[in-house]
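We did not get these values from a lab; they are worked out from the coordinates using the rules stated. Worth saying up front: this structure is predicted, and the values here are computed from it rather than measured. Reconstructed Cβ throughout: ideal geometry from the backbone, glycine too, with neighbour counts over all protein chains shown.
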Amino acid sequence: DQQVKQNSPSLSVQEGRISILNCDYTNSMFDYFLWYKKYPAEGPTFLISISSIKDKNEDGRFTVFLNKSAKHLSLHIVPSQPGDSAVYFCAASAHLSGANNLFFGTGTRLTVIP
Amino acid sequence: GAGVSQSPSNKVTEKGKDVELRCDPISGHTALYWYRQSLGQGLEFLIYFQGNSAPDKSGLPSDRFSAERTGGSVSTLTIQRTQQEDSAVYLCASSLSGGFSNQPQHFGDGTRLSIL
């Protein structure tokens with residue numbers, strides 16, 4: 001039962017344009033959401049997170065938006081750079097219920113075309 | 001380095017053998033997690049350690065899997081009588097604290113386990 005879903009397995013974007021990666025979740029107890037970036041043969045690297053008390057968090061070129069009513073979050077990367085090419089994982093946890101483990105989506109492979 | 005360190009990076013073993021995977025968390029991180037990623041799948045939670053509390057073992061797929069964390073630092077994941085379906089990348093993560101604080105988990109590069 002996949003509680004976190006990334007329905008787009010891949011995305012291609014031109015350099016300099018915006019990349020939008022989407023994620024949906026089903027568990028209304030999730031209150032902490034994260035995005036990770038993964039290169040081949042490396043572990044996931046933490047990018048940005050958002051608590052359920054917010055609807056937006058921004059860090060440089062990366063912005064995460066959370067729509068709790070739709071159980072949807074997205075990661076915007078602008079401007080996209082070739083070095084952003086990687087697999088992006090969305091993750092969520094239900095911190096306030098004491099469950100600290102992360103539930104991950106299956107990832108979206110982003111390719112930024114120079 | 002200052003990151004999460006895992007060893008070995010690759011392990012190939014025969015079906016039925018026992019394997020031990022090691023994780024050195026980031027210094028000062030009290031929470032430690034094990035996940036695995038099977039081919040074509042997302043990361044799957046296995047076990048979580050927080051300080052001296054009893055571990056959350058709810059993700060362990062069978063009693064062939066066990067883990068311990070000595071001295072609140074290094075952790076070892078043991079798989080007994082390995083099966084081919086155990087083949088996966090095993091990832092360890094640590095965070096500054098668990099409990100009710102929102103702290104991101106930082107991952108090691110994983111151990112790629114292949115069961116022949």
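Some points to look at:
- Chain B: relative contact order as a whole-number percent, Cα under 8 Å and 6+ apart: 37
- Label-to-label distance, B:THR13 versus B:GLN80, with points set 7 angstrom from Cα along the beta-carbon direction: 1.3 nm.
- Kirkwood radius, chain A, all distinct C-alpha pairs, inverse of mean reciprocal distance: 14.1 Å.
- Antiparallel bridges, percent of DSSP beta bridges restricted to chain B (to nearest 5): 90
- Residues A:ASN7 and A:GLN81, FRET efficiency given R0 of 25 Å [Cβ-Cβ distance, rounded to 0.05]: 0.55
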